[in-house]
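Asks: Take a look at this one; I'll ask things after.
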Amino acid sequence: MTWQTAIGILAGVGLAFLLARQLLAASARRAAEPDILFGRAPDILENPRLESTGTVGVHRLLGEWNGLPVQIQTVVDTLAVRKLPSLWLMVTIPEPLPLRSTFDLMMRAAGPTSFSNFDLLPHAVQVPSGFPEHAAIRTDDPAHLLPAHVIAPYLGAFDNPRMKELLISPRGLRLVLQMAEADRARYGVFRQADFGEAVLEASMLQDMLVQLAAIRRAILDWNARTT
């Protein structure tokens, strides 16, 4: 064996070792990602548990809150054209409601997203007076749409410019919030959606759940009065 061959073998072994270390480090980061993202948020839930989604970048936390089932999920959205990728937080109470149609309010709607079927709903609805500026509403059945006055008192969450969507359907209701936007420099050079130290604060989750529970109670009260 010549010295050139020996050096080549050693260089190959060194490169393989470096790649293996990088793969192990990346695997460890992915494994720890849900715990980092959700932070102390599980502390306000009963029976909190992580559920595997099988999708990179999508993490799901399940539990109960005040007797209601709760699903918290993060989604990375890279579909928006000429925009940085976003990390979205979806907080859902998947408890059936006495409704016959879907009500979907989206802020600054600008094309398809990876977290919502807003664009697939066939009917656009005129936004009532007093609703947030830049809101759009769509439904699958305008004849049975939830009256605007039932929801109107509970739209204060949209004072937060990062609040994106309120979805109300027969299967439950959901708020969607932009947790973070990708680092511009890293995404521009490496095309990697790096969200830095993004973490779900327990107080933020608590506020969103309180808001959803209030809307749910308003819908149940309205239904009791009208049936």
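The values are calculated or read from the model by the stated rules, or taken from the named source; none is laboratory data. Quick caveat: nothing in here was measured; it's all calculated off a predicted structure. Using ideal geometry, Cβ is built from the backbone for each residue, glycine included, and neighbour counts are taken over all protein chains shown.
Asks: Go through the stretch 111-154 and give me each residue that's without any contact (Cβ under 8 Å) to a residue 40 or more places away in the chain, part of a helix (DSSP H, G or I) and in contact with a helix residue (DSSP H, G or I) (Cβ under 8 Å, 6 or more places away or on another chain). Write out each step before concluding.
Replies: At the first step, the residues of the stretch 111-154 found to be without any contact (Cβ under 8 Å) to a residue 40 or more places away in the chain are 111-114, 117, 119-140, 148-149, 152.
Right, trim to part of a helix (DSSP H, G or I) and you get 119-120, 148-149, 152.
Matches in the stretch 111-154: none.
Asks: Might you check whether a residue that is β-branched (Val, Ile, Thr), at pLDDT 95 or above and more than 20 Å from ASP221 (Cα to Cα) occurs anywhere in the stretch 149-162?
Replies: No, that holds for no residue.
Asks: Would you point out the residue of the stretch 208-223, among those that are over 28 Å from MET179 (Cα atoms) and in contact (Cβ under 8 Å) with a residue 40 or more places away in the chain, that is surrounded by the fewest Cβ atoms within 10 Å (Cβ to Cβ)?
Replies: This residue is LEU220.
Asks: So how many residues does the stretch 93-132 have that are of a type in the set (S, T, N, Q), at pLDDT 95 or above and surrounded by 20 or more Cβ atoms within 10 Å (Cβ to Cβ)?
Replies: 1
Asks: Let me ask something else about it. Considering ARG186, ARG217, which residue is farther than 15 Å from MET90 by Cα, modelled with pLDDT of 95 or more and assigned to a helix (DSSP H, G or I)?
Replies: Exactly one of ARG186, ARG217 is farther than 15 Å from MET90 by Cα, modelled with pLDDT of 95 or more and assigned to a helix (DSSP H, G or I), namely ARG217.
Asks: Please name all residue pairs, on different chains or six or more residues apart, with Cβ atoms under 7 Å, provided the first residue is in the stretch 34-46 and is over 10 Å from HIS59 (Cα atoms) and the second residue is assigned to a helix (DSSP H, G or I) and polar (S, T, N, Q).
Replies: ILE44/GLN206
Asks: Which of (1) surrounded by 14 or more Cβ atoms within 10 Å (Cβ to Cβ); (2) within 22 Å of LEU50 (Cβ to Cβ); (3) touching an Asp or Glu at 6+ places or on another chain (Cβ under 7 Å) does GLU64 not meet, given it meets every other one?
Replies: All conditions pass for GLU64, except number (1).
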